[in-house]
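What follows is a single structure, written as structure tokens, with notes after it.
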Amino acid sequence: MESLFYFQPMTRDLAVEISGWTYAEPYSLYSMDGSKACIAELLGGSYFAAKTSAGGELIGFICYGAAARVPGGYEVGLYDADNKLDIGLGLRPDMTGKGWGQPFLLEGMRFLAERLSPEEFQLVVAAFNRRAIQVYERSGFQRGTLFQSKAGEREIDFIAMSRRYV
């Protein structure tokens, strides 16, 4: 099967570009602030940039491990299992809502599975983000723990979702 996406280690230039992405309401909590701290996180080794091809257009990113975790999940024991790989992903704002989510998620999972061989994938999504939840459910993820975590000054409801990798 030919891949739609090309994943590569994050570079400074790509991190700077991604850190400037802003999402429209109600998805603004996924926006980054372009700060040095934000860029440093993207360069921390757990993020990969996604392009349309080698040398192609930047369309998103995936991350894993601690970089993909939401702080409130620690309080409810969400990250205690050793057999789950926490993942996070983001599409460029102008690519969202156009049918790219599921192929992006599935190819990102395949990319990470080839490197890390997880038994199970786990991700966390804002409970209001029905668009993403539908993509995750269509991709075989099951809803799990509902919890709250701070996003800026607000407490937001989040849902943990997981799926075995076969």
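The values are calculated or read from the model by the stated rules, or taken from the named source; none is laboratory data. Please read these numbers as outputs of a predicted model, since none were measured by experiment. Note: ideal-geometry Cβ built from the backbone for every residue, glycine included; neighbour counts use all protein chains shown.
Scanning segment 10-31 for residues being surrounded by 12 or more Cβ atoms within 10 Å (Cβ to Cβ), outside any loop (DSSP other than H, G, I, E, B) and not hydroxyl-bearing (Ser, Thr, Tyr) gives a total of 6.
The single condition among (1) within 15 Å of the chain's Cα centre (by Cα); (2) surrounded by fewer than 18 Cβ atoms within 10 Å (Cβ to Cβ) that PHE7 does not meet is (2). Applying the set (1) farther than 24 Å from ALA49 by Cα; (2) surrounded by 14 or more Cβ atoms within 10 Å (Cβ to Cβ) to ASP82 leaves exactly one unmet item: (2).
For the residues GLN122, GLN134, the requirement of being part of a helix (DSSP H, G or I) and among the polar types (S, T, N, Q) singles out GLN134.
Each row is one residue, and each column tells you yes or no for (1) closer than 25 Å to ARG138 by Cβ; (2) under 13 Å from the mean Cα position of the chain (by Cα).
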| residue | (1), (2) |
| --- | --- |
| ALA24 | yes, no |
| ILE62 | yes, yes |
| ALA66 | no, yes |
| LEU91 | yes, yes |
| GLY101 | yes, yes |
| GLY108 | yes, yes |
| SER117 | yes, no |
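Note on segment 68-113: among residues that are assigned to a loop (DSSP other than H, G, I, E, B) and of a type in the set (A, V, I, L, M), the one that is farthest from ILE133 (Cα to Cα) is ALA81. May I ask you to list the residues in segment 4-18 that are under 26 Å from GLY99 (Cα atoms) and free of Cβ contacts under 8 Å to residues at least 24 places away in the same chain? The one that is under 26 Å from GLY99 (Cα atoms) and free of Cβ contacts under 8 Å to residues at least 24 places away in the same chain: VAL16.
Being over 13 Å from LEU29 (Cβ atoms), of a type in the set (Val, Ile, Thr) and within 14 Å of the chain's Cα centre (by Cα) is the filter here; which residues of segment 119-166 pass it? Residues satisfying the conditions are ILE133, VAL135, ILE159. Here is the figure for segment 32-42: residues that are surrounded by fewer than 17 Cβ atoms within 10 Å (Cβ to Cβ) and not in a helix (DSSP H, G or I) total 3. Specify the residue that is farthest from LEU106 (Cα to Cα); the eligible residues are those in segment 140-166 that are surrounded by 12 or more Cβ atoms within 10 Å (Cβ to Cβ) and in contact with a Lys or Arg (Cβ under 7 Å, 6 or more places away or on another chain). Among those that are surrounded by 12 or more Cβ atoms within 10 Å (Cβ to Cβ) and in contact with a Lys or Arg (Cβ under 7 Å, 6 or more places away or on another chain), it is ILE159.
If you go through segment 90-103 one residue at a time, do you hit one that is within 24 Å of THR22 (Cα to Cα), crowded, with 19+ Cβ neighbours inside 10 Å, modelled with pLDDT of 95 or more and not charged (D, E, K, R)? Yes, some residue in segment 90-103 is within 24 Å of THR22 (Cα to Cα), crowded, with 19+ Cβ neighbours inside 10 Å, modelled with pLDDT of 95 or more and not charged (D, E, K, R). When we screen LEU105, LEU43 for residues that are in contact (Cβ under 8 Å) with a residue 24 or more places away in the chain and out of contact with any strand residue (DSSP E or B) (no Cβ under 8 Å at 6 or more places or on another chain), the only hit is LEU43.
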